[in-house]
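Bear in mind that the values in this text are calculations on the coordinates, not laboratory data. Everything quoted here is computed from the prediction, not taken from an experiment. Note: ideal-geometry Cβ built from the backbone for every residue, glycine included; neighbour counts use all protein chains shown.
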Amino acid sequence: MYRFLLIVQGTRAYQMLFGIVALAMLWWVSQFYELYSLSWILQNFFDYLFIILIVLFQDQIRSALVSISSTKIIGRNGRSKFDQQIEEVVAACSALSRERTGALIVFEKNHGLLNYSSSGTRLDSRIHSDIIYSIFQTNSPLHDGAIIIYNGVIQAAGCFLPLSKNVEIDRHFGTRHRAALGITEISDAVVVTVSEETGRINICYNGVFHYMENEDLLRKYLRKFLLEIDRVGPVESVGRITP
């Protein structure tokens, strides 16, 4: 129950849950005061409660199932592969940050994101800082969206990601940051964002933003989240939506 409440906290599902509890209390009152018509209506409602719960909480159920099925399968080859990707992404993000050009970079891990990569333009390009930099230039037709990196290549660019439904997100977060939160709420993806207003670089993982003060910290935290390395120094976390 505790894990379930963590999943639905701050979402519309949380409000729906309280609504169901209120109906349950109303049913108890109808039973106590012998309100037969109201009791009959609510009884028929609760007969289909299981189906109703699946419909109302489908996003949360999907997120929970994905979390249960996740496994750590990255070996030495995976470490080498991600190290090469990290260096190219760090170089590109640093250049974009200096020019205050917005960017949204998604690292796909164990949970498949094919339905989101198919919403963009298929590239299957090798990862290079110049390619990433050029994609997010304002005159590029692919800058308005995310790039998804998978299996050592830039799988697609200009991809549309699901926006976070969390109601506790800070208002200063724009669409790019809400998309980063949204994809990390339903998968184990690691997302790097560059703000076009401030040039700040953030990493979003598991529904939490981490502010990267410099290239070295960005490199360390990408290694931490992609390679499951725990030896990383302290960092400022912003936009936290889970305890």
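Around the amide H of Leu123, modelled in the peptide plane, lie the amide H atoms of Ala156, Ala157, all under 5 Å away and 5 or more residues distant in sequence or on another chain.
DSSP bridge analysis restricted to the stretch 92-204 gives an antiparallel fraction near 85%, rounded to the nearest 5. Taking Cβ atoms as reference points and 15 Å as the exclusive limit, the residues near Ala92 contribute a net charge of -2, counting Lys and Arg as +1 and Asp and Glu as -1.
Between Ser140 and Tyr211, the simple label model (points 7 Å from Cα in the Cβ direction) yields a spacing of 2.7 nm. Along the stretch 22-28 the Karplus relation, 6.51 cos²θ - 1.76 cosθ + 1.60 evaluated at θ = phi - 60°, assigns HN-Hα couplings of 5, 5, 5, 5, 5, 5, 5 Hz to successive residues, with x for each Gly and Pro. Were the residues from Asp130 through Gln43 laid out at 0.36 nm apart, the gain over their Cα-Cα distance would be 25.1 nm. Under a 5 Å amide H cut-off, with hydrogens placed 1.01 Å from N, Gly102 pairs with Glu196 among residues at least 5 apart or on other chains.
Could you name the aspartates and glutamates in cross-link range of Lys109, using Cα to Cα under 19 Å and dropping any fewer than eight places away on the same chain? Reachable aspartates and glutamates: Asp83, Glu87, Glu88, Asp124, Glu185, Asp188, Glu228, Asp230. Taking 0.36 nm per residue of sequence separation and removing the Cα-Cα distance, the Thr198/Tyr33 pair yields an extension gain of 53.3 nm.
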